[in-house]
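A short reminder: the numbers here are calculations on the coordinates, not readings from a lab. All values reported here derive from a predicted model rather than from experimental measurement. Here the Cβ is made from the backbone with ideal geometry for all residues, glycine too, and neighbour counts use every protein chain on show.
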């Protein structure tokens, strides 16, 4: 399977190691000025500030005084420093937490890229509302509420919306088939990101810690296309089995991704164009949720492959938003490594998860709890009566 260089503008595919530093690799400046077509997005981007270095140093100083050898708790302490810098506090408030499950359907399922029919999206949303899905079980253990948002589901959810069991922010009944043309209009792409920003604003007053989740049959196909374009990696290397399809179906799925990129020619330097050409409504909404939370200095635990594809779009809009992202886990999807490398994040967990829904993100909340507990409650050397280190 070969990409022809004359068919795709400004995209190079290779098997090189994923980039590790988003600040160096991003094609945009710290504040992307190209999205004045949306006042809400531009205003939100302008509010985002980098993690505060003074609070980060204060956390390091506090950790240096604790009753343990230097940095003996490793990356848990890195997380504590990150949280202090995000929240501008040595006692980060993280007790009020929500996992936001953005839901939408994808026209590309008509190409046979999934092992499940599109009707499963509605069925799973009903399971979320009943509190019996995987994310509900894990969120309950983590003390998080589950908020389901209909951004563009193909089925009828009017009853659930009327009962306020879900938030209705519907853009359209699913995207178009990206294998036959753009997945959505640029206006719809903008609206999906604005929707995520609005949801972040609505929840921010009652939420200290956000987690991203998603539901939508076909969304690993869209995410594979986004990651392939942004990471410069061949679609076959970042397209996985999604809903447990076999290898033959996976190869067909990769060919669909390849064809969609070739025919739509998304611009990797324009996140909105990329989202419109090969993305999904829920992916855009997750990107908006991330920048909306970052504008309010709220940490965001990003879930797996689909959420990380959305995070790449978010930092394409504003690289400083990366300072508020916590990569919760490494997905079993093969493209997730490349996406995490481009994002410049190390995942907290590697449990071979592949469910989505936000399950990995809520598991990561337990480690956030641990990091804050060490920062705020562990005894210092003086408290423990331990002599100073030589």
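Residue separation of residue 88 and residue 68 scaled by 0.36 nm, minus their Cα-Cα distance, works out to 4.8 nm of gained length. For the chain, modelled as a GNM whose springs connect Cα atoms under 10 angstrom apart, the maximal fluctuation among 93, 188, 57 occurs at 57.
Taking Cα atoms only, the orientation of helix 359-377 departs from the longest principal axis of the chain by about 20 degrees.
Using 1/(1 + (r/R0)^6) with R0 = 30 angstrom and r between the beta carbons of residue 110 and residue 265, what's the FRET efficiency to the nearest 0.05? Computed FRET efficiency for residue 110 and residue 265: 0.90.
Each label point was placed 7 Å from the Cα along the Cα-to-Cβ direction; for residue 187 and residue 386 their separation is 6.3 nm.
Among 241, 46, the order by Cβ neighbours within 10 angstrom, fewest to most, reads 46, 241.
In the chain, the convex hull through the Cα atoms has an average projected area of 18.9 nm², a quarter of its surface area.
Shown is the FRET efficiency for residue 180 and residue 137, computed with R0 = 41 Å from the Cβ-Cβ distance and rounded to the nearest 0.05: 0.60. When shorter helices are ignored and each DSSP H run of at least 4 residues is given -39500 (n - 2.57), the per-residue value for the chain at 222 nm works out to -14000 deg cm²/dmol. Among 248, 60, 50, which one shows the biggest mean-square fluctuation in a GNM of the chain, springs joining Cα atoms closer than 10 Å? In the Gaussian network model the winner is 248.
Apply the a/c threshold of 1.5 to the C-alpha gyration tensor of the range 114-171 and tell me whether it is rounded, prolate or oblate. Judged from the Cα gyration tensor, the range 114-171 comes out oblate (a/c at least 1.5, b/c at or above a/b). Label sites at residue 61 and residue 248, each approximated as a point 7 angstrom past Cα along Cα to Cβ, lie 6.6 nm apart.
Looking only at the range 71-95, which residues have a backbone nitrogen under 11 Å from a spot 7 Å from the Cα of residue 346 in the C-beta direction? Label zone hits: 74-79. Remark: 120, 135 ranked as 120, 135, counting other beta-carbon atoms within 10 Å and listing the fewest first.
In this simple spin-label approximation, residue 95 and residue 78 carry label points 7 Å from Cα along the Cα→Cβ vector, and these lie 3.0 nm apart. Computed from Cα positions, the angle between helix 219-231 and the longest principal axis of the chain comes to roughly 70 degrees.
Helix 53-64 axis versus longest C-alpha principal axis of the chain: approximately 50°, rounded to the nearest ten.
Considering the chain as a Gaussian network with a 10 Å cut-off on Cα pairs, which listed residue, 175, 127, 87, attains the greatest mean-square fluctuation? Ranking 175, 127, 87 by mean-square fluctuation puts 127 first. Legend: ranking of residues 129, 386, 109 from fewest to most surrounding C-beta atoms inside 10 Å; resulting order 386, 129, 109.
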